[in-house]
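Engineer: Mind having a look at this structure? Questions to follow.
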């Protein structure tokens, strides 16, 4: 138990132990106050940081700092009226090559994946059994032909004797019937010979069409049969080639009008990402009925495909060109925004301030759209940086090519006006 004399000493030392902690707390509070007020002052004074109450560039994007955007000038030009569709590439002709006779497969004469021409030898089947059958048919034909000849000689002799009244007429009639019998037999033998020759020719399998050979389904040494469903190989005609694609039924009247006028419709094939133009072709056919489940009708376009850019079963984007509008006002599609009241753009006015302007759009061709109302040639609109804009915001036009260029911050106002680093 502490003595009464030691209590005052402990009470006097306690404030000295707390003094360092109080100094630390005071410094921390002062530093936090300074950092908060200095940061807010910099944000309101036009520096490079964000303000406390709004995005960079002042409150609500309309402060002293202009918002950097990319602009485009409205011009007039030609726009194609198109029907976009999703389709797949279909070979003009496709054949599964099968054997027409049974037998061992001796050899494969084609190279997988390479072009073949109609009549090229693709495979060989053992011909020996069919040669034997042919020789047998020819021997039977020779035997029956000899019998026919002998019967014909007897008939001629009998007819002479009948004229001399040396034999009965019934004997001549019987001989005539025998001749006709041998004639029928010889005719059947000739057909058997032709059938045997045909069967022998089937042992040499030839390409029925020109096209690209696929992967072989049977290797040499296997027994192939005419009843096999898989076949030996599939040949697809890829030049020319077609693409089948559905279009909405409400676009069908415009398509059929051009078809009835005898004007060929151009079809463009693009890749899956709509970045690479693969081929140009023409409309080949329109299906005879509308698919009631989808409300679309199938169209087929034909492409020369000399460079092989289209491949069977390939997915493609198809653009069917219906017409070309000349000298119309166009706007970049990147500038068009969608709101509650429809399409609009941010148009640049006096003092580099923007205002939202409703627009009525027409056909779209790639990255351009027809402006039917709302803009005129020479107007400037914002195409990049739209997410920061509101009516009345002041903007600063920048070169899109220099967006990622080194030193762009210095060009737009030095170190104090650049975008903060990441």
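All of the numbers you see were taken from the coordinates with simple rules; none came from a lab. Because the structure is predicted, anything quoted here is derived from the model rather than measured. Note that each Cβ is placed from the backbone with ideal geometry, even for glycine, and that neighbours are counted across all protein chains shown.
Engineer: Within 10 Å, count the other beta carbons around each residue, average over each peptide in 266-275, 250-259, and list them highest first.
Structural biologist: Details: 266-275: 15.6, 250-259: 14.1.
Packing proxy ranking, top to bottom: 266-275, 250-259.
Engineer: By how many nm would the segment from residue 163 to residue 384 lengthen if fully extended, with 0.36 nm per residue of separation less the alpha-carbon distance? Spell out each step's value before the answer.
Structural biologist: Numbers: separation 221, 0.36 × 221 = 79.56 nm, distance 11.50 nm.
Answer, rounded to one decimal: 68.1 nm.
Engineer: Same structure again: What whole-number volume per residue, in cubic angstrom, does the convex hull of the C-alpha atoms of the range 101-235 give? Display every interim value, and only then the final one.
Structural biologist: Numbers: hull volume 15.7 nm³, N = 135.
It comes to 116 Å³ per residue, whole-number rounded.
Engineer: Here's a follow-up. Could you please state, rounded to a whole Å, how far the C-alpha centre of the range 192-229 is from the C-alpha centre of the range 334-384?
Structural biologist: What the calculation gives is 65 Å, centre to centre.
Engineer: Sticking with this one: Where does each of 166, 309, 99, 195 land when they are ranked from fewest to most other beta-carbon atoms within 10 angstrom? Working shown, then result.
Structural biologist: Numbers: 166 9, 309 17, 99 21, 195 13.
Ascending number of Cβ neighbours within 10 Å: 166, 195, 309, 99.
Engineer: Subtract the Cα-Cα distance of residue 76 and residue 287 from 0.36 nm times their separation in residues, and report this length gain in nm to one decimal.
Structural biologist: 72.3 nm
Engineer: I'd like to compare 222-235, 319-332: which one has the highest average count of other Cβ atoms within 10 Å, and what's the full order after that? Intermediate values should be presented prior to the final figure.
Structural biologist: Values: 222-235: 15.4, 319-332: 17.9.
Final packing ranking: 319-332, 222-235.
Engineer: Evaluate the Kirkwood expression for the hydrodynamic radius of the range 218-269, namely the inverse of the mean inverse distance over all pairs of different C-alpha atoms, and round to one decimal in Å. Could you put the intermediate results ahead of the total?
Structural biologist: Numbers: mean 1/r = 0.0631 Å⁻¹.
The Cα-based Kirkwood calculation yields 15.8 Å.
Engineer: With no solvent and one point on each alpha carbon, what is the Debye value of log10 I(q)/I(0) for the range 181-325 at q = 0.20 Å⁻¹?
Structural biologist: -1.22
Engineer: Place the peptides 120-126, 169-175 in order of packing, highest mean first, counting for every residue the other Cβ atoms within 10 Å and averaging per peptide.
Structural biologist: Working: 120-126: 17.7, 169-175: 13.3.
Going by the mean number of other Cβ atoms within 10 Å, highest first, we get 120-126, 169-175.
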